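What follows is calculated from the coordinates using simple rules that are stated; it is not laboratory data. Quick caveat, the model's predicted, so the values are computed rather than measured. Ideal geometry is used to build each Cβ from the backbone, glycine not excepted, and the neighbour counts take in all protein chains shown.
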Amino acid sequence: MLELGVNIDHVATLREARKTFEPDPIWAAVEAHLGGADGITVHLREDRRHIQDADVERLRTHTQIKLNLEMAPTDELLEFSLKITPEMVMFVPEGRNEITTEGGLDVIRHEKHLKQMIQKLVQQNIMVSVFIDADKEQIKAAENIGVQVCEVHTGPYAHVFYSQGRDKSSLEVQAELGKIKDAGEEIQKFGMRFNAGHALNYFNVRHVAEIQGLSEVHIGHAIISRSMFVGMREAVRDMKMLLMEAKQ
């Protein structure tokens, strides 16, 4: 069964636009659970532009499905994650001026620092993931430092899929899908779990979901956007149905 992790960051983005108490991301997490989500993902950014520490603390207490905490590999966020103990921590790159994550983490460059952080997380029985581009050298580096999960950056595929008129048969789209597939095979060869995410939506997710060995996808913006019109529970249910159909 392909699992769905729902990213609720943009519920907090809307709240922070007015610096008020609504909409509440915890309500969104509960609705996502009722819609069939297998996990909840939040990105606790260094500048706290949307999700706040208190949100993560409340999610840890009130949600009944697994919590995936995305974060930059900083000492401050490491200490916070060790206190919260989510089911999974995913290290991601972070830029203060970016609107959303723009690429995979350079594991090779930060190998020594990441390895030390991962050891502390594993000692607390926290699964560790890295968000990386579909690059074999980065996958090998992830295996070297003890990562258990690699999430492949699907943004390049999503952008090409859109620019090519949502035509799966186009050579450009097939090339990007091939990169994801090859990366997934390499990840599994090293005994790690193969996840995928970024810019996936209701139109492009099926072709990624059909890739063999994929364990989980993380999707946020598309689901939150649809929820404005149909509600969170229905938006998650629609996405979950697409994933199930892709695996039949």
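Compared with the direct C-alpha span, the chain from Asp106 to Thr85 gains 5.1 nm at full extension, assuming 0.36 nm per residue.
Given an 8 Å cut-off on Cα distances and at least 6 residues of separation, report the relative contact order of the chain as a percent.
Values: 455 pairs, mean separation 51.7, N = 248.
For the chain, the relative contact order is 21 percent.
Result for the chain in a Gaussian network model with C-alpha springs under 10 Å: among Ile108, Ile187, Ile223, the largest mean-square fluctuation is at Ile108. Computed across region 110-248, the Kirkwood hydrodynamic radius from all distinct Cα-Cα pairs reaches 15.9 Å. Pairs exceeding 28 Å between alpha-carbon atoms, taken from Lys136/Lys240; Lys83/Lys240; Lys120/Lys140; Lys115/Lys189: Lys136/Lys240; Lys83/Lys240. Among Tyr157, Tyr162, sorting on how many other beta-carbon atoms sit within 10 Å of each Cβ, with the fewest leading, yields Tyr162, Tyr157. Close amide-amide hydrogen proximity is noted between Glu3 and Glu216, Val217, each under 5 Å apart and 5 or more residues distant or on a separate chain (H modeled in the peptide plane; Pro and chain starts excluded). Phi-derived couplings, Karplus 6.51 cos²θ - 1.76 cosθ + 1.60 at θ = phi - 60°, listed residue by residue for region 41-53: 10, 9, 10, 7, 7, 4, 8, 6, 6, 9, 5, 10, 3 Hz, with x used for Gly and Pro. For region 111-124, 3J(HN,Hα) computed residue by residue from phi via the Karplus equation (6.51, -1.76, 1.60; θ = phi - 60°) reads 3, 4, 5, 5, 4, 5, 5, 4, 4, 5, 5, 4, 4, 9 Hz, glycine and proline entered as x. For region 156-172, the Karplus equation 6.51 cos²θ - 1.76 cosθ + 1.60, evaluated at θ = phi - 60°, returns couplings of x, 4, 4, 5, 5, 4, 5, 5, 9, x, 6, 9, 4, 7, 5, 4, 5 Hz by residue, with Gly and Pro reported as x.
Summarising the amide proton neighbourhood of Glu70: residues at separation of 5 or more, or on other chains, whose placed amide H is nearer than 5 Å comprise Val42, His43, Leu44, Met90.
Give the order of Arg15, Arg60 when sorted by the count of other beta carbons within 10 angstrom, beginning with the fewest.
On the way: Arg15 19, Arg60 15.
Starting with the residue having the fewest Cβ neighbours, the order is Arg60, Arg15.
Counting helices only, and only those DSSP H runs with n ≥ 4, report the 222 nm mean residue ellipticity of the chain as the sum of -39,500 (n - 2.57) divided by its residues, in deg cm²/dmol to the nearest 500.
Values: 11 runs with 120 residues, N = 248.
Rounded to the nearest 500, the figure is -14500 deg cm²/dmol.
Largest first, the three principal axis extents of the alpha carbons in region 3-246 are 47, 45, 32 Å in whole numbers.
Within the same chain, aspartates and glutamates fewer than 8 places from Lys66 are excluded, and of the rest, those with a Cα less than 14 Å from its Cα are Glu3, Asp38, Glu57, Glu87, Glu216. Distance between the pseudo-spin-label points of Gln64 and Gln248 (7 Å out from Cα toward the beta carbon): 2.8 nm.
The calculated Kirkwood hydrodynamic radius for region 1-143 is 15.7 Å, given to one decimal from all distinct C-alpha pairs.
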